[in-house]
1. Considering each residue of the stretch 49-83, count those that are small (G, A, S) and surrounded by 14 or more Cβ atoms within 10 Å (Cβ to Cβ), and give that number.
2. Taking the conditions exactly as written (surrounded by fewer than 13 Cβ atoms within 10 Å (Cβ to Cβ) and either assigned to a strand (DSSP E or B) or among the aromatic types (F, W, Y) (or both)), does Y123 satisfy them or not?
3. Any idea which residue in the stretch 84-98 is farthest from D110 (Cα to Cα), counting only those that are surrounded by 14 or more Cβ atoms within 10 Å (Cβ to Cβ) and at pLDDT 90 or above?
4. Regarding the stretch 125-138, can at least one residue be identified that is in contact with a Pro (Cβ under 7 Å, 6 or more places away or on another chain) and among the hydroxyl-bearing types (S, T, Y)?
5. Mind checking whether some residue in the stretch 16-38 is modelled with pLDDT of 85 or more, part of a helix (DSSP H, G or I), closer than 20 Å to V140 by Cβ and not small (G, A, S)?
6. Restricting attention to the stretch 99-120, report how many residues are in contact with a Pro (Cβ under 9 Å, 6 or more places away or on another chain) and aliphatic (A, V, I, L, M).
7. Taking E103 as the residue in question, decide whether it is in contact with a His (Cβ under 7 Å, 6 or more places away or on another chain) and more than 19 Å from P135 (Cα to Cα).
8. Quick check on my filter: what residues within the stretch 63-111 are in a helix (DSSP H, G or I) and not aliphatic (A, V, I, L, M)?
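The values are calculated or read from the model by the stated rules, or taken from the named source; none is laboratory data. For clarity, every value in this text was computed on a predicted model and none was experimentally measured. No Cβ is skipped: glycine too gets one built from the backbone with ideal geometry, and neighbour counts run over all protein chains shown.
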Amino acid sequence: MRSIFIFKKKVTIIIFCVLAILGILIYFAVPYFSVKHDKELEVSLNKLVKEEDINTINIGDLITYDWQKAYMFHPYTEEADMKDVLGLKFHDPVGMALRDDIELFVVVKDDNTFEYAKIQLGYGYLSMDEEYLTPENDLVEITQP
């Protein structure tokens, strides 16, 4: 009788530990799955930045999904600074703190997930008048080097 009690206690402890480990893994894994690479937007933006006769872009014309806001992060931006702006769910997918060759364009979708595009700096720079873009205010200026 006593051995059954000890066995049940061990099983309960094992189940609790497994659930705790799974909870911790899920907590740290969720940010990695909430950030997706929008390759179509990246190609379109980089193509337009290379064009010398284009000075502005309406970002809303290039984004093919419902979105709330869009942000631009410049080289050497720390992940902690991005999280301050975007929220704790964000995970820096490209290591911006160590990059000087790209700007990171991050779109916050209506479901609070993120899409990003890397903008190569060799052809031009994107600048915004506001801290972030919205579907109603989506104009970005291109500055050629």
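1. Within the stretch 49-83, residues that are small (G, A, S) and surrounded by 14 or more Cβ atoms within 10 Å (Cβ to Cβ) number 2.
2. In short, no.
3. A97
4. No, the stretch 125-138 contains no residue that is in contact with a Pro (Cβ under 7 Å, 6 or more places away or on another chain) and among the hydroxyl-bearing types (S, T, Y).
5. The answer is no, given that none of the residues of the stretch 16-38 is modelled with pLDDT of 85 or more, part of a helix (DSSP H, G or I), closer than 20 Å to V140 by Cβ and not small (G, A, S).
6. Residues in the stretch 99-120 being in contact with a Pro (Cβ under 9 Å, 6 or more places away or on another chain) and aliphatic (A, V, I, L, M): 2 in total.
7. When the stated conditions are applied, E103 passes them.
8. If the condition is that a residue be in a helix (DSSP H, G or I) and not aliphatic (A, V, I, L, M), then E79, D81, K83, D84 are the ones that fit.
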